[in-house]
Amino acid sequence: MYVYLNDRIVPAEDAVVSVFDHGFLYGDGIYETMRAYNGIVFMIDEHIERLFRSASLIGLKIPYDSQKLKSAIYETIQANGLENAYIRLTISRGCGSLGLDPEFCQKPSIVIIVKEQKDYPKALYKKGLKVIIAQTRRNLKEAINPRIKSLNFLNNILAKLEAKEKNANEAIMLNVYGKLTEGTISNVFFYKNNMLFTPSIDCGILDGITRGIVIGIAKKQGIEVKEGKFTKSDIYTSQEIFITNTTMEVMPVSELDENKYPVGEISKNLRKLYRQKVKTYIRNYRN
Ligand code: PMP
């Protein structure tokens, strides 16, 4: 396995970052997770754009332009001989002396790790996931805005620990006002009364790229989509629930806390249409 580290492709065992890196010391950095299908990185421009947005929100200047980042991603995928890949691109503030000041760091560290990514088992999409609503509240957007895809992941990890404790696959967090936000690594949707609901960005969530695509597909299908502020009881009383992210795509939820939900037609159909969108994108990108 090979890793991209600061302009070089190196064997995984040699891909080491200093203990003085502020990413390690303070969680000072940003990242993106992408997925490649048949050698093509799906929505690469959107991911790179979001990476630059995260960087700008933490005042970090990425020393590459987007073309160079894209080439580095493809170089890493190819060095590993992969076609279908999970891609993690991390940019930390870089090495510096102790102390929070980003100015102590001369140069950001850029790391790209890839691994094979097959489709999740079909059975999982058929059965749906078990999800809980965590006690851990989502970071307030006025504190650490979840729109910054940062290396500070403890908020999500605390919720993930709760999910594990209850043998659940994912945990949805509320914000401090008791409104639904998002999962630890996913966005949330629920369907009832012929409408599709999802928490709005101002609830304090990451504007997931998959979320955006699914909203677009649903609207095109004539489904009314409501982005807004919703409570636990809004989602409990829904007919169908699903979560979305780049790697899972559209994943049905069959259990939320004590309640059971069918893997229904809306989730199945949106998943199918999402897959078609991926296929079309890959085909067009090739051409
Ligand atoms: N919310 C959080 C907290 C996430 O980590 C992710 C995964 N990147 C998402 C939502 C989904 O985003 P995307 O659809 O862009 O993968």
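The values are calculated or read from the model by the stated rules, or taken from the named source; none is laboratory data. Note that the coordinates shown come from a computational prediction; the quantities given were computed from them, not determined experimentally. All Cβ positions, even for glycine, are placed from backbone atoms using ideal geometry, and neighbour counts span all protein chains on display.
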Which ones in the range 182-210 are over 22 Å from Tyr274 (Cα atoms) and within 11 Å of the ligand (Cβ to nearest atom)?
-> Gly204
Criterion: in the same structural domain as Asp207 (by TED's automatic domain parsing) and of a type in the set (Val, Ile, Thr) - qualifying residue of Ile87, Ile148 = Ile148
From Asp14, Asp65, residue being without any contact (Cβ under 8 Å) to a residue 24 or more places away in the chain and under 21 Å from Tyr285 (Cα atoms) | Asp65
Can Leu206 be described as outside the structural domain of Leu25 (by TED's automatic domain parsing) and in contact (Cβ under 8 Å) with a residue 40 or more places away in the chain?
-> yes
Output the number of residues of the range 211-228 satisfying the condition of being closer than 25 Å to Asn152 by Cα and either surrounded by 17 or more Cβ atoms within 10 Å (Cβ to Cβ) or more than 10 Å from the ligand (Cβ to nearest atom) (or both).
-> 1
Can Ser238 be described as at pLDDT 95 or above and within 12 Å of the ligand (Cβ to nearest atom)?
-> no
Given the residues Lys107, Lys118, which is the only one that is under 30 Å from Val16 (Cβ atoms), modelled with pLDDT under 95 and more than 12 Å from the ligand (Cβ to nearest atom)?
-> Lys118
The range 134-161 - residue that is without any contact (Cβ under 8 Å) to a residue 24 or more places away in the chain and within 12 Å of the ligand (Cβ to nearest atom) and, of those, surrounded by the fewest Cβ atoms within 10 Å (Cβ to Cβ) | Ile144
Counting just the residues of the range 1-60 that are assigned to a strand (DSSP E or B) and aromatic (Phe, Trp, Tyr), which one comes out farthest from the chain's Cα centre (by Cα)?
-> Tyr2
Out of Glu227, Glu249, Glu240, sole residue that is among the acidic types (Asp, Glu) and more than 26 Å from Asn139 (Cβ to Cβ) | Glu240
Positions within the range 61-82 being assigned to a helix (DSSP H, G or I) and among the polar types (S, T, N, Q), in sequence order | Ser66, Gln67, Ser71, Thr76, Gln78
Of all residues in the range 29-65 being aliphatic (A, V, I, L, M) and touching a Phe, Trp or Tyr at 6+ places or on another chain (Cβ under 9 Å), which is farthest from the ligand (Cβ to nearest atom)?
-> Ile62
Any residue in the range 125-133 that is surrounded by fewer than 15 Cβ atoms within 10 Å (Cβ to Cβ) and either more than 30 Å from Ser233 (Cβ to Cβ) or of a type outside the set (Lys, Arg) (or both)?
-> no
